[in-house]
1. What number of residues in the range 308-319 are open to solvent by 30 Å² or more (accessible area, probe 1.4 Å) and outside any helix (DSSP H, G or I)?
2. Where in the range 733-801 are the strands (runs of 3 or more DSSP E), entirely inside, with at least 1 residues that are under 23 Å from residue 703 (Cα atoms), open to solvent by less than 40 Å² (accessible area, probe 1.4 Å) and modelled with pLDDT of 95 or more?
3. What residue, of 138, 177, is open to solvent by less than 50 Å² (accessible area, probe 1.4 Å), within 30 Å of residue 922 (Cα to Cα) and of a type outside the set (Asp, Glu)?
4. Name the pairs: first residue in the range 385-401 and surrounded by 15 or more Cβ atoms within 10 Å (Cβ to Cβ), second residue outside any strand (DSSP E or B), Cβ to Cβ under 8 Å, at least 6 apart or on different chains?
5. Within the range 113-128, can one find any residue that is open to solvent by 30 Å² or more (accessible area, probe 1.4 Å), under 30 Å from residue 910 (Cα atoms), part of a strand (DSSP E or B) and touching a strand residue (DSSP E or B) at 6+ places or on another chain (Cβ under 8 Å)?
6. If you check residue 322 against the conditions, is it at pLDDT 95 or above and of a type in the set (Lys, Arg)?
7. If a residue must be surrounded by 15 or more Cβ atoms within 10 Å (Cβ to Cβ), among the aliphatic types (A, V, I, L, M) and over 30 Å from residue 424 (Cβ atoms), how many such residues does the range 527-553 contain?
8. Considering only residues that are more than 22 Å from residue 338 (Cα to Cα), assigned to a strand (DSSP E or B) and not hydroxyl-bearing (Ser, Thr, Tyr), which ones fall in the range 353-383?
Amino acid sequence: MQSADKSLDEVVVIGYGTMKRRDLTGAVASVTGDKLAANPVANVAEALQGQLPGVSVTSQDGRPGATMSIRVRGGGSITQSNDPLFIVDGVQVSRIDDIPADNIESIDVLKDAASTAIYGARGANGVIMITTKSAKEGKAQVKYNMYYSAKEEPTTYDTESAYDYVLRNWSYATSYGDSYGTNVAKYFGLGSENGNHLEEYRNMGTHNYQDDLLSSSHAWNHDLSISGGTEHTKYYASVNYTNDKGSLKDTGFRRWNVNLKLAQDITKNLKWNIDARYSEMRFQGSQFQYATSSYAYRPIDTPLGVDDPSLLGMGDANVDPKYNPVSIYDSYTQYNTHYRLRATNSLTWTPIKGLTGKTELTLARNWREQQTWDDGYEKGYNHATQVKSNGYNVRWTTTANYAVQGLGEDHSLDFLLGNEVLASKSNSTTFNGYGYPLGWDMDTAFGQLNMSHMESTSLKDTNKSEIGTPNHTLSWFGRVNYSYLSRYLFTATFRADGSSKFAPNNHWGYFPAAAAAWRISDEPWMKGTQDWLSNLKLRLSFGTSGNDNIDASLWKATWISETTEVDGQLVNTFRPGTMMANPDLKWETTISRNIGLDFGFWDGRLRGTLDFYWNTTKNILMMVPIDTSTGYTYQFQNVGKTSNKGVELALSYNIVNKKDWGLTFGMTYNFNHNNVDELFDNVLADTHTNWGSQMRMPYYDYVIRKDNPVGLVQGYKSLGFYTVDDFNVSADGVWTLKDGIPDNTACNYSAGCAKAYKLPAGQKAFPGMYKFADVDNDGTMASNDVTIIGKTKPEHTGGFNISGRYKNFDLNANFAYQIGGDVYNANALHDMMGNKDTGFGSARVSELADCWKMYNVDNNGNLYAVTNPDELRTLNAGAKYALPYCEYGLVTSEFIEDASYLRLQNLSVGYTFPKTWMKPLGISNLRIYATVTNLFCIKGYSGIDPDVNTDFNAGGNGFPTPNYDYQAYPKTRSWTFGLNLAF
């Protein structure tokens, strides 16, 4: 009893082969290239967001060519890579942003061990199989696809009004010291001694320098391909060009991509294929922080006092014209260019019926050149840095597939045996030159890099070369598929990998897996359901896979080269590195368990999959501090275990399918619970971010803790701020905390705050000060009250789409959502700190107007501290946040915010011209369309966008800092117009 559901006959790409969807025993999610191409984006990973169950995609920010973080079922590692294995046309690649969506035929994601174990040591994080368009028999067909995107000016932070900015700076400087307040008043023309100009600032506009650096922009994409061939010779060739201009001045992403495929039948049973691809990507831009934080600089072009920046002391850089962020940003230029060339030759031999032998050889080379230029505006001397790197990859794979003959209609048995050899290596050279002749620009300096001359003895030119450690992997693998009555399906897989990334005693890893499936709907006793049930299949799988995506030097001793001057001569020397070798380093291994259900109703009109999984990753690899008496500071060790448990649901419902119109709804839902199951006691698994100063409290704000998910944020649990009602005020003006209200010794406020109020001996708290939870109940808020205040990993993600057609019109809307998880709003936390005297003159976000105030202005225009309880209560009736005068940054729960959102990723409307109109013109298809991207985002986050990950390794020590939002490149809404043309 075979179903009429055509989706079951879809061919799915699995490891080293293909299979019909009806015969799958593992968890595999798929999306077609046409669906991806409907989303006009430069990076195909962006188009995957919300499209596939079990796959989550997070963007770095809005910069052209931004890094996209892809996770399959959460990822099990902590400090090592959680990136899935990318396989493009059978070849492993490190990234997929060099592949145009127009070139993709399909993407299949292997999620459970039954699917990924065939890739052994590389499959623990899932496998993304990308099949690009290939040579096909038929008449020559030429296709041209293009689009033009107009990007709106991005949304930026609202900033303080001129009045709020001036009054806050005057107040804060006064709290820091009377002399500081006097100088700030003189700069702005405040108080009776300086002209009383405060009220005039109410009618004054402000200058936001982000507006000088951010603007609307555009992007172009062109894709041209030709394909065709005879029965014995087929060809496909394509060229793609993308030019994505950034919204930030002098930033952008440019890509060239050329692909050539040939398929030739040498004899009846011997075929030859070649697949060659060249890509070139160029990223422009650096030092984005000068632009994204530029709103803090000199919002008032003409202060009404004495325009002398030195009056602001250490804060002079916030207003001095020589620190204009536009000039500083313009002084830095960076080009980062990647070149990749890859070619795969394969021979396929079918000597007898059922037996297919195939051997593939892939050779790949890559080059990168990064040029960074600082013209000296900020530092007083110019500086050129050139980094050149190159590498190679070799892959030789031989497989034999045999479908056993003569078993009859009830049995089907096939075997796969294979061998794979992988080799790779990379080298790099870095040159730094300082002090080029005055007037030289970037082109001149890089044309004559050796012409630098620096008088300073501390800034000598450097030329550093690194020869990478070769990586070699030898693998043997096999798979058996057995089917009985096409209803009972069994798969067994085994792979053995030997990797040079591990010490000789741990070279080899072994990865078995097994799966079974039962096509319940094909049982004879289900015959009565065939009118409405078209597919029901139960799947079970269990297996292991590994993660060798680590640095090859972690198990062996390393040395650092140094240059020392001896008798006036520079001598190269070597010393041991800071990392101690660990010859006992083992593989991170993931054990995967999966139970799934595939279902379909009414010949597939409504169909879907439901999966439950439990992945456990053992031998977690982390950096562990060691006794410095050994001569080293840390060592990588296998120190823990993590798990990911989850549920995945995918649905597709063809609501209407008439000749002239149709309507389809699709959705995905992912639930993932990540947990650190085991962690050795001696492991320091904490890291830090890079906002504020090193005095930020707590310094380590991202931590790893047992029995919690990865990506915890620690800090102070905010209870708002101390109000007037928290104190008993005596007749002589002493502010004493009421019984039961803890004091706060964690905050370091400026001295004037405490002086303004009479406080009992030993008490630190005063009205407006931060109030935190007394976690340890010792009666005082202090550093030991730091606790977990955020969990960045969301447990619920997914998306849904609606597509419709009416005659020649088509409509498509794609939504993505996230429920739960937290985003670390470091931008707001940074602006809430006083930052000592370096904060004088700095503008802040508009939320600071809602902060507690301790100063007011009297009838003479002079500033005074409000100490009368009733007046202070009235002054702060609408206050939402604490007094922002703490000298150091505080990590508080107020701005560790909910990252939930619902976004309309894109809305597209298209029209396909009737073929009767096009045929006389020699055109086989012509479609035009308009798409709006990032149309809206429903969120509770006070920042700009909760889908952000500015720096996943902000601490620089390998520990993750997910969902960190600090000085992010803003995203934009874009309006795209395109056409699809075929001859």
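The values are calculated or read from the model by the stated rules, or taken from the named source; none is laboratory data. Computed from a predicted structure; not experimentally measured. All Cβ positions, even for glycine, are placed from backbone atoms using ideal geometry, and neighbour counts span all protein chains on display. For accessibility, only protein heavy atoms count, side chains too; no ligands or nucleic acids. Shrake-Rupley method; radii C 1.70, N 1.55, O 1.52, S 1.80 Å.
1. So the answer is 1.
2. Details: elements: 735-737, 770-772, 787-791.
Strands (runs of 3 or more DSSP E) meeting the threshold: 770-772, 787-791.
3. On the way: 177 fails: within 30 Å of residue 922 (Cα to Cα).
Testing whether each residue is open to solvent by less than 50 Å² (accessible area, probe 1.4 Å), within 30 Å of residue 922 (Cα to Cα) and of a type outside the set (Asp, Glu) leaves just 138.
4. Final answer for the pair search is 386/446; 386/449; 391/468; 397/16; 397/90; 399/16.
5. Our first condition is that a residue be open to solvent by 30 Å² or more (accessible area, probe 1.4 Å); within the range 113-128, this holds for 122.
Checking which are under 30 Å from residue 910 (Cα atoms) leaves us with none.
No - not one qualifying residue is present in the range 113-128.
6. Numbers: at pLDDT 95 or above: no; of a type in the set (Lys, Arg): yes.
The answer is no for residue 322.
7. 3
8. Step one: filter the range 353-383 for residues more than 22 Å from residue 338 (Cα to Cα), giving 353-361, 375-383.
Checking which are assigned to a strand (DSSP E or B) leaves us with 355-361, 383.
Listed by number, the residues that qualify are 355, 357, 358, 360, 361, 383.
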